[in-house]
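**Q** This structure is in structure tokens; I'll ask about it shortly.
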Amino acid sequence: MSPLRIAAIVEGDGEVEAVAVLLRRRAEVAGWAGRVSVPTVIRQPASKLLQRGELERTVELAARKLGGPGGILVLLDSDDACPAIQGPELLARVRLARPDLPTTLVLAHREYEAWFLGAAASLAGKRNLPIGLQPPSAPETIRGCKEWLSDQMPRGAAYDESDDQSALTAIFDLNAAKSACPSFDKCHREVMTLLKRVAAITPGFLPQFP
């Protein structure tokens, strides 16, 4: 049976591995375990992607690497920008670059790691985090989510994006993150929509929509 093929565009080193984990977990929630393939992940600094023409060029590269039916997910941090303003602008550029493919764009507000903060209780006792870890209030208002995670760890330990991001993505409570982080709730919905659109154009894929 043909898998759903998704190419991803990310900005951080840790997200290169984490985005595939996230996509597969979302598919599992939908009852599609093992039915998503992420053959291509392209990393580009956000400062470059935001330049006129660079996002479009990277989307085109992702489409060429797919080499057939599939979709494209762009996952970036919003930092201090408002996702409700910046998101639609960037999504329009993505879709204009390749209107023939299912595409979507998600902005984590402020950082991808804010989603971990929202689901902090589910990470207690994991990856050097303390047993009694609890989420902060309004995790998406915190500047420096990586630093917040490091501050919870024992002296001499620190959150390492390359080592910890994909590992925490594999275990954080998706429902807790959805409740605490509006941008993750949007991510959850947008990824499902993308998967359904890709399913519709994938030969031999027999979806069972949730």
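The values are calculated or read from the model by the stated rules, or taken from the named source; none is laboratory data. Remember, predicted model here, so these are calculated numbers, not experimental data. Counting neighbours? That spans all protein chains shown, and the Cβs are built from the backbone with ideal geometry, glycine included. The accessibility values were calculated without ligands, DNA or RNA, using every heavy atom of the protein model including side chains. Shrake-Rupley method; radii C 1.70, N 1.55, O 1.52, S 1.80 Å.
**Q** All but one of (1) touching a residue at least 60 places away in the same chain (Cβ under 8 Å); (2) closer than 15 Å to A120 by Cβ hold for E161, so report the exception by its number.
**A** It fails just one condition, (2).
**Q** If a residue has to be acidic (D, E) and open to solvent by 40 Å² or more (accessible area, probe 1.4 Å) to count, how many in region 1-33 make the cut?
**A** Counting residues in region 1-33 that are acidic (D, E) and open to solvent by 40 Å² or more (accessible area, probe 1.4 Å) gives 3.
**Q** Identify, please: which residue in region 179-210 is under 13 Å from the mean Cα position of the chain (by Cα) and without any contact (Cβ under 8 Å) to a residue 24 or more places away in the chain and is, among those, most open to solvent (accessible area, probe 1.4 Å)?
**A** In this case the residue turns out to be R189.
**Q** A follow-up question, please. Could you tell me whether region 102-125 includes any residue that is part of a loop (DSSP other than H, G, I, E, B), out of contact with any strand residue (DSSP E or B) (no Cβ under 9 Å at 6 or more places or on another chain), under 18 Å from E161 (Cβ atoms) and open to solvent by less than 10 Å² (accessible area, probe 1.4 Å)? Spell out the reasoning first.
**A** Residues of region 102-125 part of a loop (DSSP other than H, G, I, E, B): 102, 109-112, 119, 124-125.
Still in the list and also out of contact with any strand residue (DSSP E or B) (no Cβ under 9 Å at 6 or more places or on another chain): 119, 124-125.
From the residues that got through so far, the ones that are under 18 Å from E161 (Cβ atoms) too are 119.
Filter again for open to solvent by less than 10 Å² (accessible area, probe 1.4 Å), leaving 119.
Yes, there is a match, as at least one residue in region 102-125 is part of a loop (DSSP other than H, G, I, E, B), out of contact with any strand residue (DSSP E or B) (no Cβ under 9 Å at 6 or more places or on another chain), under 18 Å from E161 (Cβ atoms) and open to solvent by less than 10 Å² (accessible area, probe 1.4 Å).
**Q** I need every pair where a residue in region 35-59 that is touching a residue at least 60 places away in the same chain (Cβ under 8 Å) and open to solvent by 20 Å² or more (accessible area, probe 1.4 Å) has its Cβ under 8 Å from the Cβ of a residue that is in a loop (DSSP other than H, G, I, E, B) and of a type in the set (A, V, I, L, M, F, W, C), sequence separation at least 6 or different chains.
**A** From region 35-59, the pairs are R35/M1; R35/F205.
**Q** Across region 148-164, which residue is farthest from A138 (Cα to Cα) among those that are part of a helix (DSSP H, G or I) and of a type in the set (S, T, Y)?
**A** Among residues in region 148-164 that are part of a helix (DSSP H, G or I) and of a type in the set (S, T, Y), the one farthest from A138 (Cα to Cα) is S162.
**Q** Now a separate question. Between residues in region 118-142 that are of a type in the set (S, T, Y) and residues that are assigned to a helix (DSSP H, G or I), which pairs lie under 7 Å by C-beta distance while being six or more apart or on different chains?
**A** Pairs found: S122/A176.
**Q** Here is a list: A92, A62. Which entry is surrounded by 14 or more Cβ atoms within 10 Å (Cβ to Cβ), in a helix (DSSP H, G or I) and not aromatic (F, W, Y)?
**A** A62
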